[in-house]
Structure formats: C-alpha cells, structure tokens
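Student: Below is a structure I'd like to ask you about.
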Amino acid sequence: MKKGIRTGLMLLCFALLGGCATVAENGEGDPLESPNRAFHSFNNTLDEHILEPVSDFYVWVTPELLRTSIGNFFSNLGTLNVILNDLLQGKFEQGVEDAGRFIVNSTFGIGGAFDIASGVGLERHDEDLGQTFGVWGAGEGAYLELPVLGPNSVRDAPDLVSSVYTNPLYYLFQSSVSLPLTALKLIDDRARLASAIRLRDKSALDSYVFTREAYRQRRIHLIYDGNPPDDAFDDLAQASAKGIE
C-alpha cells in the first residue's frame, strides 16, 4: 500500500510536470488557473469537512508540549533533505551545521523530539529542491495547486519526490507504521497553519489568489534566504497581473 501511494504520487507529479512545462515559462501568469481553481475548491472542501475538525480535535486532546515534540520530530526527519540541498546550492558550511544539528537532535534530542541543537547554536534552516532550482536560475514555471498537497509549482514539485527518498522513515518502517505517521504529520501541519488559514478566509476576497500570491512570495523569500532583490517582487507583480487579466 505504501509503495502504491508513493508511486501514484510520483506519477501525478511527473504528469503535471510534463503537461505544464510547455505552458508557462518564468512563472508568468497562471496558465493553469482553471484546473488549479478546481483543485483549490476541492482542497477547501476537504479541509472544511475533514482536516480542520480533525486538527482542532488534535489540538484539544494533545498538550502543547507534546505537539511541540511531534513538530520537532518531523522537522528533524526532514533535515536530511535540507542537508542535500545545502550541498547542491554550494552552502557547504551550512550543510555541516545542519548535519551537526541532525546528529545532536537525533541522539541527545531522542530522535528529534527535543530541539537540543538550537540551544547550542545550531539553528534550523529551510532548504529544498525547489529552492535549489531557483538558486540555479530556474523560473517558477506554471503555478500548481495539487489535490490534498496544496500550492506548488512546476519548479518546486520535484521536491515531493526527493523529500520522500531522503526521509529515514522510508527506509526504516513498513506501511503499518509509516502511514499513521504520515497522517499524523498532515494533521500536525494543518494545526500549525490554522491561524493563517482563518486569516485568509476572513480577509481575502478571493482565497485562491491570496493563496497563490502568498505561496509565490514565500518561495522568493526562501530562495534568496530572506533578502530578495527588489526586482524579484517586481517580476512577481507583473506575473500576477497577467494571471488576473
């Protein structure tokens, strides 16, 4: 079952990449807006009727300290993907720091449940394959809203595959363990996004446009390590304008 789900996810990812690569270049506009909006509506319905109630119940029954440890655990599992992309981006010193962080938290932090590394100066970094492509000069390509998975893009979608194969759970456990843990991560992630989703739903006239532009701006922020050039947002504004013409 686990292998079938992952295979299906990869096939979906590559089908989207193949179908979209010839449609848009450099992230201009939103050429897939119609199917994206359909998936956005599906995701909102799924969230309203399943994910939000489940995550609210999770917050209600789970002490904050335990939720923090759960978040730390999943963050630690993702560190190997961060290290890989540190190296691919030429951030070798940061890669060494992140490797040290992974070792410290995996051992003294009891599998990552406790963030001991931050206390000794090894701060968490956020790198992925989409950022690596961006650092190498790749444009966003078409914006994508994927069913269940949410906002993404042609440039960022391959990280869905690489993050699976750099996750220790893929190699250590069978589906009887990894599938419940995957579900727990989904619920925990949704709980952490609750405030942002409520803000979006209250303030946005068009939740699809709000989500798309928030995603794009956050990706620019990450690619440039928090210091994007002014023209990066100028290009984004021009692309957004084309997307709503």
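Every number in this text was worked out from the coordinates using simple rules, so none of it is lab data. Not measured: the values here are computed from a predicted model. Counting neighbours? That spans all protein chains shown, and the Cβs are built from the backbone with ideal geometry, glycine included.
Student: Tell me, what HN-Hα J-couplings in whole Hz come from the Karplus equation 6.51 cos²θ - 1.76 cosθ + 1.60 at θ = phi - 60° for each residue of segment 154-165, using x for Gly and Pro?
Tutor: So the Karplus estimates, Gly and Pro as x, are 4, 5, 8, 4, x, 5, 4, 7, 5, 5, 5, 6 Hz.
Student: So, by mean Cβ neighbours within 10 angstrom, what's the order for 46-52, 100-106, 61-67 with the highest one leading?
Tutor: 100-106, 46-52, 61-67
Student: In whole angstrom, note down how far apart the Cα centers of segment 137-173 and segment 32-89 are.
Tutor: Each part's Cα centre sits 13 Å from the other's.
Student: Which order results if Tyr143, Tyr208 are arranged by neighbouring Cβ count within 10 Å, fewest first? Before the final figure, lay out the partial values.
Tutor: Details: Tyr143 28, Tyr208 19.
With the sparsest Cβ surroundings first, the list reads Tyr208, Tyr143.
Student: Turning to a different aspect of this structure: Please list, in chain and number order, the residues 5+ apart from Leu144 or on another chain whose amide H is under 5 Å from its amide H, with Hs placed from the backbone.
Tutor: Asn152, Ser153, Val154
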